[in-house]
Amino acid sequence: MVNHLSHRYVFMTDQFDSELAWASDFEATIIVLRGTELHGRAWASLLARLRRIKRPVLLHAHAGSGLNVTQRGQLADAIHHQAPVAVLAEDKGGRELGMALRWLGADATVFTPDQLLGAAAKLGLEAAHLSSSLRALGRAGLDLQAVDQKLQAYSSGVFGGL
């Protein structure tokens, strides 16, 4: 488990399980979901943080990733049904996750990864803030487990390089 603190960000990933990583600052939480088996300390820490602090959530669901019924309920409950959620879905499973969160009462909207700026606007985040958050993820030194390469590659094109 890696937990990094900086002056503005909290980063969490499980070094032995690259299925989940997340970063949080004072304005938003970014979640990278790459798998389906999320039962470790990183998952528990994410849920605890979301319960304590209400802030917008950007969730990038990679192709083949997803949450089971219990985990979807846990995530929706942790979000407090009050924080907006933008789900960047790469496939049908990601779209289904976004729909399930919405059915469970979360203010969730599904986007494709190439709609990153629309997702940021839905969350009330300026492009500069999102770019800064993604840069911080890269500087945290959490290897590929916490830095979502696909999202960073796309945002590099959108923001002119991170």
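The values are calculated or read from the model by the stated rules, or taken from the named source; none is laboratory data. None of the values given here were measured: they were computed from a predicted structure. We place every Cβ from the backbone using ideal geometry, glycine too, and count neighbours over all the protein chains shown.
I need the full set of residues from the range 55-79 which are exposed (fewer than 14 other Cβ atoms within 10 Å of the Cβ) and part of a loop (DSSP other than H, G, I, E, B), in order please.
Selection gives A63, G64, N68.
Select from the range 70-95 the residues that are at pLDDT 90 or above and among the β-branched types (V, I, T) and write down the one among them that is farthest from the chain's Cα centre (by Cα).
T70
I'd like the residue in the range 100-115 that is assigned to a loop (DSSP other than H, G, I, E, B) and among the hydrophobic types (A, V, I, L, M, F, W, C) and, out of all such residues, is surrounded by the fewest Cβ atoms within 10 Å (Cβ to Cβ).
Per the criteria, the residue is L104.
Condition check ((1) within 25 Å of L117 (Cβ to Cβ); (2) modelled with pLDDT of 85 or more; (3) not charged (D, E, K, R)) across all residues:
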position	(1), (2), (3)
L33	yes, no, yes
A42	no, no, yes
L50	yes, yes, yes
K54	yes, no, no
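Taking only pairs six or more apart or across chains, which ones have beta-carbon atoms under 7 Å, a first residue in the range 26-39 that is within 17 Å of T70 (Cβ to Cβ) and touching a residue at least 12 places away in the same chain (Cβ under 8 Å), and a second residue that is crowded, with 20+ Cβ neighbours inside 10 Å and among the charged types (D, E, K, R)?
G35/E19; E37/E19; L38/E19
If you check every pair at least six apart or on different chains, which have Cβ atoms under 6 Å apart with a residue in the range 82-108 that is among the basic types (K, R) first and a residue that is surrounded by 16 or more Cβ atoms within 10 Å (Cβ to Cβ) second?
As it stands, the answer is R95/A89; R95/V110; R102/A108, since those pairs meet every condition given.
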